[in-house]
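The values are calculated or read from the model by the stated rules, or taken from the named source; none is laboratory data. The shown structure was predicted, so the numbers you read here are calculated from the model rather than taken from an experiment. Note that each Cβ is placed from the backbone with ideal geometry, even for glycine, and that neighbours are counted across all protein chains shown. For the accessible areas, the whole protein counts, side chains as well, though only heavy atoms, and no ligand, DNA or RNA atoms are used. Shrake-Rupley method; radii C 1.70, N 1.55, O 1.52, S 1.80 Å.
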Amino acid sequence: RNRGSMPAHLPRIETIIDIDDPACPCCGNLLHRIGEDVSERLDIVPAQLRVLVVRRPKYACRSCEAVVQAPAPARVIEGGLPTDALVAQVLVSKYADHLPLYRQAQIYARQGISLDRSTLADWVGRAAWHLRPVHDRLLAQLKTSRRLFADETTAPVLDPGRGQTFREGRLLFMRNWPLAL
């Protein structure tokens, strides 16, 4: 049970509920504060989807007719819909939270955003291309280790595309000592 001790690092939003009239209801004299009751409740703000609009004004010279515009900011997926944060969220949901892409598509659909599972898979693939140097560095580091331990555990995995309820998947847990990046 976690009663009454919320982590100190969480932001607090305080609401003060005070009396309307500071005069005593019996005699009319001014009331003075003698203390207060404080209660804390844990709240959550669900993920918010928003649209980032980037405007790039174009300028032209009237005499030589040259057109000048600031360059567009770099994107993880050139010309694509998602921001870096959205691609990161898809990756974390897929790999850290074990949330399949079809379920993520359903979550976005409930919020009015129609994303195909294949689109999300494309984002994952493109992000993997960008993360390839990290993968290569980790692999090189693992190969230099004197000891490498692996635990190949089977786990049930949903497989909705084949009409099967479950199939056996393998989770590979590896660790080595020391790992210095």
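One table, with the values for the structure above:
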read-out: Failed item, numbered, when residue 96 is tested on (1) open to solvent by 70 Å² or more (accessible area, probe 1.4 Å); (2) within 18 Å of the chain's Cα centre (by Cα); value: (1)
read-out: Test: residue in region 111-118 that is farther than 20 Å from residue 53 by Cβ and touching a residue at least 24 places away in the same chain (Cβ under 8 Å); value: no
read-out: Matching residues, region 27-41, being open to solvent by 100 Å² or more (accessible area, probe 1.4 Å), under 19 Å from residue 17 (Cβ atoms) and not β-branched (Val, Ile, Thr); value: 32, 33, 36, 37, 39, 41
read-out: Flag for residue 103 being assigned to a helix (DSSP H, G or I) and either at pLDDT 75 or above or under 30 Å from residue 50 (Cβ atoms) (or both); value: yes
read-out: Pair list, Cβ < 9 Å and 6+ apart or interchain, from region 57-85 residues that are surrounded by 10 or more Cβ atoms within 10 Å (Cβ to Cβ) to residues that are of a type in the set (Asp, Glu); value: 75/84; 76/84; 77/122; 80/122
read-out: Every pair of residues 6+ apart whose Cβ atoms lie under 9 Å, when the first sits in region 12-37 and is at pLDDT 90 or above while the second is of a type in the set (S, T, N, Q); value: 23/29
read-out: Filter result (open to solvent by 70 Å² or more (accessible area, probe 1.4 Å), under 16 Å from residue 77 (Cβ atoms) and either of a type in the set (Lys, Arg) or in a loop (DSSP other than H, G, I, E, B) (or both)) within region 106-141; value: 116, 126, 131, 132
read-out: Check on residue 83, of a type in the set (S, T, N, Q) and over 30 Å from residue 12 (Cβ atoms); value: no
